[in-house]
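Structure first, commentary second.
Taken together, the values in this text are just the output of simple stated rules run on the coordinates, not laboratory data. Predicted, not measured: the structure shown is a model, and the values here were computed from it. So basically every Cβ, Gly included, is an ideal-geometry build from the backbone, and we count neighbours across all protein chains shown.
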Amino acid sequence: MLNAREPKVINGPEVLNKYVGQSEENIRKLFADAEKEYKEKGDESGLHIIIFDELDAVCKQRGSTGGGTGVGDSVVNQLLSKLDGVDQLNNILLIGMTNRMDMIDEALLRAGRLEVHMEISLPDESGRAQILKIHTAKMKGNGVLGADVNLEELAKITKNFSGAEISGLVKAASSFAFSRHIQVGTMAAINKDVQNMQVMRQDFFNALEEVKPLFGVAEEELGKRIRGDIIHFSSFIGDILEEGRLYINQVRKPGSTPILSVALHGPPGSGKTALAAKMAMDSDFPFIKLVSPEDMVGFSEMQKVQQLDKTFRDAYKSPLSVIVIDNIEMLVDWVPIGPRFSNTVLVALKVLLEKQPPKDRRLLIFATTTERSVLTQLDLFSRFDAEIAVPNVNTQAELAHVLQHTGAFSDRDQQRAITEIMEITGSDEIGVGIKKILTGVETAKQDQDMPGRFARVMSRAITANKSAFA
């Protein structure tokens, strides 16, 4: 296209060498042909193209790596001198490729060096359809692609799949089709009807269960938080889900709010995480990520900040994203004795909650906390655009609704359990989180006297809650 000679393609790590000075020499060799021709012909020389893959492997920020050799810094210095040094070349086109733009030395990204920056974003539905056509062209040409395979349908459901992941999907579908023609026995053999092999629609759907996009939906992690289904024990639960739906539509609508953060606060075990996960899953956004303290056990402050930053950077690559930040006070290492917290993580959260996404990118953030007052003191709660209060199970009617939904008690046993709770506690108030009630039901199932055991477990929980807030 550029009417130039064959480009030089080099993988970044190939530049590095164990001998002192050899890495810098490898950089000089890349430019040797262009320098020689430019000295001979000047501006009449032809264009030399150098394509650098995995540029971040050799061009990290100077001073950021440990060790005493300084090889990485020297390689960057050598590349800078060739691109924009005293003997500047006008017959060079350098193309660098990386998926870690943040790691590359800033001097390389200035004008006169790698000055044109192009982001190759995830393909849209039309792009995915074209990629699928390319990867299934041979199948179709050889009559292997099933008649029931609809590439437009596959393009629609492979949200946030990269080109490489779509290629992997096609290969996985081929493997499923091929496995139907393998004889299972002591020695694996191929059936004679392998010539009639067809890659069918179901093969692609089986492959979708195995091939998951890197920038996709964390279905397994979110599914663990919901534990079945949401129990609408109170009208407040329906109102919360409806409010969440409105926030989702607000972010989804083009030209509206590019970033919206919502804090769900309430007592421990009231189902905040389950509600946040449910709203995130119902959004049908292509990128949904859960950030939880349990995934950062043993992390230093800087590791936590880097993980948070990576999550938000990944979200910015998708047109529509949801991030669920669970137990945010634990994420900042809040301890009431002292008190103590991580100011580094706190500042990172404040910045990320208000940072505007890139153009045409929209982000919705759900965060959960049991310590609303703590977040207010830390000046973090004010960073959220909206808040949702999640209640406990407070009345006997609400408790009855929960028990009925579980199906663990007969109507008679259910009434007996509620009556005994009222007799033991001397009150008709419950004030216990839905999570503790469901755990109490599971505990009661281990006892022959289910209603009695449940009444005693719940009575202790009710008394403990009253003592905590007394």
Checklist entry - Arranged from highest to lowest average of other beta-carbon atoms within 10 Å per residue, in what order do the peptides 151-160, 371-380, 432-441, 352-361 appear? => result 432-441, 151-160, 371-380, 352-361
Next on the checklist: Ratio of alpha-carbon Rg to the 2.2 N^0.38 Å globular estimate for the stretch 218-389, to two decimals, please.
Outcome noted: 0.98
Item to check | Surface/4 of the Cα convex hull for the chain, nm² | outcome: 34.2 nm²
Checklist outcome for this item: Using eta = 1.567 mPa s and T = 4 °C, Stokes-Einstein with Kirkwood Rh from Cα pairs puts D for the stretch 1-140, in µm² s⁻¹, at 76 µm²/s
Item to check | Over the stretch 8-109, relative contact order from alpha-carbon pairs under 8 Å, at least 6 apart, % | outcome: 36 percent
Item to check | Two-decimal log10 I(q)/I(0) for the stretch 125-210, as the Debye equation yields it once each C-alpha is a single scatterer, q = 0.12, 0.15, 0.18 Å⁻¹ | outcome: -0.36, -0.54, -0.74
Checklist entry - Among Lys224/Lys435; Lys133/Lys156; Lys278/Lys435; Lys212/Lys350; Lys156/Lys289; Lys29/Lys317, which pairs are too far apart, with a Cα-Cα distance over 25 Å? => result Lys212/Lys350; Lys29/Lys317
Checklist outcome for this item: Quarter of the surface of the C-alpha convex hull for the stretch 208-298, i.e. direction-averaged projected area in nm², equals 7.8 nm²
Next on the checklist: Can you list residues from other chains, or at least 5 along the same chain, whose modelled amide H is less than 5 Å from the amide H of Phe287?
Outcome noted: Leu320, Val322
Checklist entry - Label point 7 Å out from Ile182 along Cα-to-Cβ: which residues of the stretch 191-228 have amide N under 14 Å? => result 191
Checklist entry - By per-residue mean of other Cβ atoms within 10 Å, what is the highest-first order of 392-398, 81-87? => result 392-398, 81-87
Item to check | Percentage relative contact order, the stretch 393-469, counting C-alpha pairs under 8 Å, at least six apart | outcome: 36 percent
Checklist entry - With Cβ to Cβ distances under 15 Å as the rule, what net charge do the other residues near Val393 carry (K, R +1; D, E -1)? => result +1
Item to check | Value at 222 nm in deg cm²/dmol, rounded to 500, when DSSP H runs of n ≥ 4 in the chain each add -39,500 (n - 2.57) | outcome: -14000 deg cm²/dmol
Item to check | For Trp334, net neighbour charge (Lys/Arg +1, Asp/Glu -1) across residues whose Cβ lies under 15 Å away | outcome: -2
Checklist entry - For the chain, what is the relative contact order in percent, using Cα pairs closer than 8 Å and at least 6 residues apart in sequence? => result 11 percent
Next on the checklist: With viscosity set to 1.567 mPa s at 4 °C, what whole-number translational diffusion coefficient in µm²/s follows for the stretch 344-470 from Stokes-Einstein and a Kirkwood radius over Cα pairs?
Outcome noted: 74 µm²/s
Checklist outcome for this item: Interchain or sequence-distant (5+) residues whose placed amide H lies within less than 5 Å of the amide H of Gly96 are Phe52
